[in-house]
1. Out of the trypsin sites (Lys or Arg not before Pro) in region 39-76, which ones are loop residues according to DSSP with at most 12 other C-beta atoms within 10 Å?
2. Grab the other residues whose beta carbon is less than 11 angstrom from that of Leu373, score K and R as +1, D and E as -1, and report the net.
3. Can you list the residues, at least 5 places off or on another chain, whose amide H is less than 5 Å from the amide H of Leu328, using H built in the peptide plane?
4. Restricting to the chain, compute how many DSSP beta bridges are antiparallel as a %, nearest 5.
5. What is the distance, in nm, between label points placed 7 Å from the Cα along the Cα-to-Cβ direction at Met213 and at Gln255?
6. Using the structure shown, select from Lys342/Lys385; Lys178/Lys320; Lys260/Lys324; Lys323/Lys401; Lys316/Lys385 the pairs with a Cα to Cα distance greater than 24 angstrom.
7. Which value results for Rg/Rh of the chain when Rg is the Cα radius of gyration and Rh the Kirkwood radius based on the inverse mean 1/r?
8. Sequence neighbours fewer than 8 away in the same chain don't count; with that in mind, list the lysines whose C-alpha is under 23 Å from Lys42.
Amino acid sequence: MLTTLLAASLASREAFELVDQYGSPMFKKTDKMAQLVFVEIKKFYSRDVTAQQCDTSIVLSCLMETVRAEKHQQTLSEYFNTVKSKQVDVSVPNVKHMLLQAQIKTVKDKLAVALVNGDPLAEQQLLSELSELQTKEAVDDPVDKDMEITTIEDAVDMVTSTFSKENMIKLRPNALNKRVGGGVIPGNHVLFFGRPNSAKSLTAITNIAGFLMQGLSGLMVINEDPTSSYWLRFICNMTETSQDVVLADFDRYKQIALEKGLNRLTIVSLAPGTPKQIEALVERYRPEFLVVDQISNLNMGGYQDSRTNELEDAAKFMRKMGKKYNLLAVSLCQAGDSAENKQILDMNDVYNSKTGIQGALDVQVGIGVDKQLDEEGLRIMSIVKNKRTGKHENFPVKVRKDVSRMYDV
């Protein structure tokens, strides 16, 4: 947590002031390097009262003056660079929440000791302190924040509009779409998962092309393959033409794809991308669907206690995007080793997650493949979560890699 607080302090004066107010005692009890970095950040803001963020090169230069031995300078420099790398996604409200939670835990621990020792004066003081902290926590988390309040009077128009055939967003192939009740709706979160080379990206391209041809506009965030390869694959998909033919007459096939809606898609390549960057893109482009290939690569800030938590937070973030911006969220994610050469995947085959990612989904589809299926150009789709209709089924689908498209068998 300390490196996250330091990174937040580097990136934002407001965050630093919160850390200085609520979290400075933590730095007095921790390792020397964290103390040194915090002191230099504090000096930086003290010297320039107008600065809203730190110049990291200046802070590092000043840090190097605090130690003389070259070995210690190298260690301190590496530590500072670790802190600096976590500046990517500073959220001041969440920094304050983190600090308050840490303080509340500390007070509760002290209160438990006071109760065991039978110290009524300490109990009273700590209970008062705990009450004050919990009041601050409540103020920082208002009950009506990001809340949509509806009544039964709103239900008729809301339900009939949302679930009309015209407004449903159809998935591909049709065998999948039928099993989710004719499509999904804005606000839903769909996840496709599978092993490397299982056709995850091909599945995403197939569905995105379908969304575009339904008249929707969308944003695709990628952090694996080159952007140029995606554009070529979309053209192949939407014209059902192999890559060699498309490349031989690129302008012609590009125009056909544009007429079918490819102009409604924006692709952004991030390396690997953060929630803050993605939400900024959503704010800018206001898409009707958002696809991230892959959420398992996103930089979630690095403060979570495990890779599992990072993946679960990435899934929760995508669900939040769907709800907040009333868009269809589609995520791609790796399957774990348990899915290798496996035709029918189940919920536990998601990489590094048993229930956390699944809880943030409306539809979860595994893409299974073994050597025999691959040679036959087939995959098995397994619907392992389906809040739309409750159906959990497995069925074969045809993949044509030459046109990056998936078909019903």
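1. In loop regions of region 39-76 (DSSP not H, G, I, E or B), the sparsely surrounded trypsin sites (Lys or Arg not before Pro) are Arg68.
2. 0
3. Gly187, Phe289, Leu290
4. Beta bridges within the chain, antiparallel portion: roughly 40 percent.
5. Using points 7 Å along Cα→Cβ, the separation is 2.0 nm.
6. Table pairs above 24 Å Cα-Cα are Lys178/Lys320; Lys260/Lys324; Lys323/Lys401.
7. Expressed as Rg/Rh, it is 1.05.
8. Lys42 reaches Lys28, Lys29, Lys32, Lys84, Lys86, Lys96.
Laboratory data are not the source of any read-out in this text; all were calculated from the coordinates shown. Since we're looking at a predicted model, the values are computed, not measured. Neighbour counts are summed over all protein chains in view; Cβ atoms, including those assigned to glycine, are modelled from backbone coordinates with ideal geometry.
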